[in-house]
Amino acid sequence: MQRLSQLGRSATLVATLGLAAVAAVQLETTAGAALGGSGAPRRIFVDAGHGGTDPGAIGNGIVEKELNLEVALRLRDLLEADTEDTSGGGEWEVMMTRTTDASVPLSSRTNAANNWPADRFVSIHHNAFGSSIASGTETFSFANGTAGADLRDRLQEELLSAMGLVDRGPKTANFFVLRETLMPAALTEAGFLSNPGDAAALSAPGAVEALALAHLFGIQRHYGIPPHIPVDGPSTYCFPKTASAGCVPSIEAAGTPSVSQSDFVVACDQVLSQQFGMLFWGRQGLELPLLGGFLCVGGPLMRTPVQFSNGLGPGNCSGRLELQMDSGFLSANGMLPGDEIFCQWWYRDPGLLPATPVGLSDGLRFTVLP
Ligand SMILES: [Zn+2]
């Protein structure tokens, strides 16, 4: 069984920048934990252009600030998924200018990136022009012959490949966010909202996904990483809380959590003692205390303890148990495609009662497929 858990920590931290005379700016960071030996994750600042009272360009029913944000949010998710996916790709931390329809001054954008500090700054925009004839893709850096220009060129290539619009070429511009950022920066304009053909391509089903993937591929290639679509796998949502007697509890999975397939298996290793259980929840909630440990989700949840006590003695650190979560199991527990499953296991050593701490494995999160 392939070890799939502990691929990376994805902790979301929301910081708030207080800004005089403007509404506070919400910055969201996603910290990707360093995988062993692979060095620090690259810090990517994703800047969704415009927002709030500044709609940016408007054309053919598309409002630039909205499309920019959709692409930026999806790019963030792809970067996070790429970090957790060990089958290829890179390892990233993401900070965003905005995750909602907020007004953010340009200086706040560059200050946030500079203070973090970001390794790269990617600003997502879409174009408009007075005449509807102008069309195509262009990407900007502040100067040529720089790392920012290389990032610009890779983004331009990937956007052309993804959207198939006219190649207006990589360009330089004295834009504020390119000039005032201290790290290599690029600004994309994937197409013209004012051009009916471009607008149709940018609003077609799948356009946001294609645009976000193009940005991901461009960033990956800029760092010498072959383009890689992250594989959806389990993501770790919390970590072992307590181990005892030298045991480190672990949980892993193989197969596809699906309402039609039955190859999905969750297994626990380093099972300790005679009191333990696998736990499953149907939705995310708050932390719930449990006998000195903390479960990482809580609330009015469907919790399904599965008890085993098949001859594992107290202090046994080598035990293993598996549960096949077949389609019948999932349907019996009300799981539908798109639902999330949260898995974790707990144990305690009866020999140490009543003071024994409860040990908890990593938590794994899965999405149920059709
Ligand atoms: Zn713009």
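The values are calculated or read from the model by the stated rules, or taken from the named source; none is laboratory data. Bear in mind that the values here come from a model prediction, so they are computed numbers and not experimental data. Neighbour counts are summed over all protein chains in view; Cβ atoms, including those assigned to glycine, are modelled from backbone coordinates with ideal geometry.
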So how many residues does region 56-65 have that are surrounded by fewer than 17 Cβ atoms within 10 Å (Cβ to Cβ) and away from the ligand (no atom under 12 Å from the Cβ)? 1
Checking L106 against (1) farther than 18 Å from F121 by Cβ; (2) touching a Phe, Trp or Tyr at 6+ places or on another chain (Cβ under 6 Å): exactly one of these is not met. Which one? (1)
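Examine region 70-92 for a residue that is hydrophobic (A, V, I, L, M, F, W, C), within 13 Å of the ligand (Cβ to nearest atom) and buried (at least 24 other Cβ atoms within 10 Å of the Cβ), and state whether such a residue exists.
Within region 70-92, the first condition is being hydrophobic (A, V, I, L, M, F, W, C), and the residues that meet it are 71-73, 75, 78-79, 81, 92.
Checking the rest, the ones that are also within 13 Å of the ligand (Cβ to nearest atom) come to 71-72.
Going one step further and asking which of them are buried (at least 24 other Cβ atoms within 10 Å of the Cβ), we end up with 71-72.
Within region 70-92, one or more residues are hydrophobic (A, V, I, L, M, F, W, C), within 13 Å of the ligand (Cβ to nearest atom) and buried (at least 24 other Cβ atoms within 10 Å of the Cβ).
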I'd like the full set of residues that are crowded, with 22+ Cβ neighbours inside 10 Å and touching a helix residue (DSSP H, G or I) at 6+ places or on another chain (Cβ under 8 Å), limited to region 97-119. T97, R98, R109, T110
Tell me the residue from R179, R109 that is out of contact with any Pro (no Cβ under 9 Å at 6 or more places or on another chain), free of Cβ contacts under 8 Å to residues at least 40 places away in the same chain and not aliphatic (A, V, I, L, M), please. R179
Options L321, L364, L336, L330; residue that is in a strand (DSSP E or B), modelled with pLDDT of 70 or more, aliphatic (A, V, I, L, M) and more than 12 Å from L279 (Cα to Cα): L321
